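Only one structure is covered here, and it is reproduced in the block below.
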Amino acid sequence: MARITRREFVVTGAAAGLAAAAPRPAFGRAPAVRTRQSPRPVVISSANGNRFRNGGSETCVELAFRRITAGDDVLDSLVAGVNIVELDPEDASVGYGGRPNADGVVQLDSCCMHGPTRRAGGVAALEGVRTPSNVAQAVMDQTDHHLLVGPGAQIFARNMGFEIEDDLNTDRSRRMWLEWKRRIDPGHYLSPDRADARRDIDADAELLAAGFGTEDEEDELYGTINCDGISPNGEICGVTTTSGLAWKIQGRVGDSPILGAGLYLDNEVGAVGSTGRGEANLYNLTSFLITEYLRQGMSPKDAGLAGLRRIQQNTVERRLLNRRGLPNFGVTFYVLNAAGDYAGVSMYAGRNGRYAVCTENGAELVPLEPLLDGSASD
């Protein structure tokens with residue numbers, strides 16, 4: 001047997017000691033242990049993240065939080081959470097059964113960001129895949145690109161093994177589209193009850209005259225889910241997924257799949273995602289802006305309200321203003337900092353203005369903090 005010198009023994013032993021003392025990889029599967037210095041783990045999302053279960057026992061935020069605190073990768077956990085909503089036909093704002101475009105076709109958008117690796121992926125105007133968040137993650141993992149769109153995104157999804165369906169409409173989403181067609185084109189798409197045709201036209205005129213009506217109607221038009229989370233190790237990730245603006249022009253893409261708009265994060269600072277009028281958000285890249293406010297030391301609530309204020313200041317077109325000269329639309333941001341502090345802020349409170357939070361105390365819906373009093377239609 002070969003002999004080693006005393007010096008070789010000391011060097012070898014020291015190296016072994018250092019290896020044993022080295023921290024485990026950040027993406028290990030072992031449950032994370034929270035220390036006094038650790039951020040508190042939390043998952044936040046739009047309200048639909050704690051409403052829909054797709055026939056299961058957990059909501060989006062519950063599943064994501066459970067997996068994160070069990071040591072799973074944060075983004076994997078969040079995507080698994082939003083899959084619940086994407087697959088649930090009862091949520092008409094994302095995924096399967098989402099609101100179709102003006103031609104009756106469901107086109108989906110999604111974006112995800114992985115804080116620890118500083119990587120992101122997105123898809124837009126994707127047809128035929130119920131869970132666009134998974135395809136966005138595949139773009140991040142499998143390509144050197146961030147955003148794939150339209151037929152190219154579908155070809156990529158097929159090549160990655162995703163099932164491509166001919167039509168993502170449900171009977172419910174198709175009925176909603178047909179009702180919309182009857183309202184905007186009553187001369188061609190007649191009401192089943194002809195006596196209701198005039199009433200449909202009048203109702204549509206009232207809706208247009210009021211901008212987009214109540215904040216609840218805003219949710220119906222702009223429904224989306226954003227979900228962000230932080231682990232006890234301080235790993236921050238986020239995902240946003242949507243069927244986009246209801247009855248949109250074929251090929252229209254909003255803020256959801258765009259870095260800095262529908263989602264942005266910095267693992268050292270925090271995460272921000274949005275729902276609401278995408279064009280207003282895109283003009284200001286507000287999720288990026290709010291992240292920079294976090295970097296300056298602002299609280300999630302103050303940073304979010306400052307972002308909304310920027311949108312308000314830059315909304316000057318008369319068609320986008322209500323009788324008070326304020327935005328006639330809603331935008332909501334979900335803000336999480338690197339310490340695990342969070343806030344949900346909105347342009348207006350709305351009758352159902354809440355967002356979802358899951359911590360070690362469980363999941364709940366909590367009130368949004370509004371920037372402006374009243375409603376978008378005032």
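None of the figures in this text is laboratory data; all of them are computed from the coordinates on show. Here the structure is a predicted model, which is why all the values come from computation and not from measurement. We place every Cβ from the backbone using ideal geometry, glycine too, and count neighbours over all the protein chains shown.
What net charge do the residues around residue 270 carry, taking every other residue with its C-beta under 9 Å from that of residue 270, with Lys and Arg at +1 and Asp and Glu at -1?
My count for the surroundings of residue 270 gives -3.
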Taking alpha-carbon centroids only, region 244-260 lies from region 73-123 a number of Å equal to 12 Å
For region 40-157, the dipole about the Cα centre with charges only on Cβ (Lys and Arg +1, Asp and Glu -1), to the nearest 20 debye, works out at 300 debye
re region 309-362: pairs of Cα atoms spaced beyond 18 Å account for a percent value of 47 percent
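For a protection proxy built on the mean count of beta-carbon atoms within 10 angstrom, sort 61-74, 312-325 highest first, please.
Details: 61-74: 22.9, 312-325: 11.5.
Output ranking for 61-74, 312-325: 61-74, 312-325.
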Protection proxy (average C-beta count within 10 Å per residue), highest first, orders 284-291, 304-311 as 284-291, 304-311
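For a quick protection proxy, order the peptides 174-181, 91-98, 272-279, 244-251 by their average other-Cβ count within 10 Å, most packed first.
Working: 174-181: 15.6, 91-98: 25.4, 272-279: 27.2, 244-251: 17.5.
Those peptides, ordered most packed to least, come out 272-279, 91-98, 244-251, 174-181.
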